[in-house]
Amino acid sequence: MTTSLTTLIERLKLDHLHDSLDAICEQASKKDLNYREFLAEALSTEWAGRHQKGLESRLKQARLPWLKTLEQFDYSFQPTVDRKVVRELSGLGFVERAENVVLLGPPGVGKTHLAIALAVKAAEAGHKVMFMSLDKLMTTLKKAQQENRLERQMQLLAYPKLLVLDEIGYLPMDQDEASLFFRLVTRRYEKASIILTSNKSFVDWGEIFGDQAIATAILDRLLHHATTLNIKGESYRLKEKRKAGLLKEPPR
């Protein structure tokens, strides 16, 4: 007995093709597609649906604070950002090679925008991504340590192909926090990528971690295989307030 096409689609769990089957058949008839072309069209529809569903799942798991793209970045406002370097990073070779990206600069210059945009690119390419502010990271690790599940938590943070750590340097760390941060960086070293944003230059990292020796050890691992972008300029948010007349123009 011949099995119907709809039944076969259901058995093969081709859910996206199932929902679009009538439209695909109608288009195939209009375009006069042969069997091979029709099959390619049908499988393309299924793949596109699965890819979109997977992307939505990865973006949800990434816990990005908002969605930003590289196309939305305003290079005219931040001319110090090297477009060629960003374009190269967007190819995600650094993720494949388990290398890091460090974005330095004052608040509001677009560091987090670039970090999120690269994370979205990685999610679109099928990589597992996670985003955490430093404050959230420290809270998570210290709680896990208190509950005797630190090793498990370290494994969870080591698993994503790309980990984005935002706002390094806004709050100082105590010795225990610095030690936990060092352990995480060491766990991911040469195994998976980190994108890190900081408002402090590397010479000030001893103050961030409260210990020059541990700061040096962290930088040694972070920068061994890394691309650093140092962004200079005024805050986007201050720029918008000036445009609205809420702030005076800075003296020239």
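List the GluC sites (Glu not before Pro) in region 158-200 that DSSP assigns to loop (not H, G, I, E or B) and whose Cβ has at most 15 other Cβ atoms within 10 Å. Which are they?
Values: sites: GLU167, GLU177, GLU190; in loops: GLU190.
Counting only loop positions with at most 15 other Cβ atoms within 10 Å, the GluC sites (Glu not before Pro) in region 158-200 are GLU190.
Hey, any idea what % of the chain's accessible area is carbon plus sulfur with a 1.4 Å probe? Please list the in-between numbers first.
Details: 7700 of 14960 Å².
Roughly 51 percent of what the probe reaches on the chain is carbon or sulfur.
Give me the aspartates and glutamates in straight-line cross-link reach of LYS30: C-alpha distance below 15 Å, same-chain residues under 8 apart excluded.
Within reach: ASP22, GLU41.
Taking only the alpha-carbon atoms of the chain, what semi-axes of the equivalent ellipsoid follow from 5 times the gyration tensor eigenvalues under a square root, in whole Å, largest first? Walk me through the numbers before you get to the answer.
Working: eigenvalues 368, 130, 48 Å².
Semi-axes from the Cα gyration tensor: 43, 25, 16 Å.
Have a look at GLN72, LEU157, LEU39 and report the one farthest towards the positive end of the charge dipole of region 34-165, computed about the Cα centre with Cβ charges (Lys/Arg +1, Asp/Glu -1).
LEU157
Loop only per DSSP, at most 12 neighbouring Cβ atoms within 10 Å: give me the GluC sites (Glu not before Pro) in region 52-156, ordered by residue number. Display every interim value, and only then the final one.
On the way: sites: GLU56, GLU71, GLU88, GLU96, GLU99, GLU124, GLU147, GLU151; in loops: GLU99, GLU147.
Sites meeting the loop and neighbour criteria: GLU147.
May I ask you to evaluate 6.51 cos²θ - 1.76 cosθ + 1.60, the Karplus curve with θ = phi - 60°, for each residue of region 94-100 and list the ³J(HN,Hα) values in order in whole Hz, giving x for glycine and proline?
5, 5, 4, 8, 6, 9, 10
How much mean residue ellipticity at 222 nm does the chain get from its helices, if each DSSP H run of length 4 or more adds -39500 (n - 2.57) and you divide by all residues, to the nearest 500 deg cm²/dmol? Present the calculation step by step, with values, prior to reporting the outcome.
On the way: 12 runs with 140 residues, N = 252.
Only helices count here, giving -17000 deg cm²/dmol.
Under 17 Å between alpha carbons, and skipping anything fewer than 8 positions from LYS84 in its own chain: which aspartates and glutamates qualify?
Partners within reach: GLU71, ASP74.
Filter the trypsin sites (Lys or Arg not before Pro) in region 26-114 to those in DSSP coil with at most 11 other Cβ atoms within 10 Å of their Cβ, and list the result. Could you put the intermediate results ahead of the total?
Details: sites: LYS30, LYS31, ARG36, ARG50, LYS53, ARG58, LYS60, ARG63, LYS68, ARG83, LYS84, ARG87, ARG97, LYS111; in loops: ARG63, LYS68, ARG97.
Those satisfying the criteria are ARG97.
Taking amide H positions as placed in the peptide plane 1.01 Å from N, state which residues far from ALA226 in sequence (5 or more) or on other chains have amide H under 5 Å from it.
Residues meeting the amide H criterion: ASN100.
Based on the Cβ-Cβ distance from CYS25 to LEU150, what FRET efficiency comes out when R0 is 41 Å, to the nearest 0.05?
Values: r = 56 Å, r/R0 = 1.36.
Working from the Cβ atoms, E equals 0.15.
Separation of region 156-202 and region 87-122 by C-alpha centroid, Å?
Taking the Cα centre of each part, region 156-202 and region 87-122 sit 14 Å apart.
Taking a threshold of 23 Å on the Cα-Cα distance, which of the pairs LYS13/LYS191; LYS60/LYS121; LYS53/LYS111; LYS68/LYS161 fall above it?
Details: LYS13/LYS191 35 Å; LYS60/LYS121 14 Å; LYS53/LYS111 28 Å; LYS68/LYS161 19 Å.
Pairs exceeding 23 Å: LYS13/LYS191; LYS53/LYS111.
The values are calculated or read from the model by the stated rules, or taken from the named source; none is laboratory data. Worth saying up front: this structure is predicted, and the values here are computed from it rather than measured. Here the Cβ is made from the backbone with ideal geometry for all residues, glycine too, and neighbour counts use every protein chain on show. Heavy atoms of the whole protein, side chains included, go into the accessibility calculation; ligands, DNA and RNA do not. Shrake-Rupley method; radii C 1.70, N 1.55, O 1.52, S 1.80 Å.
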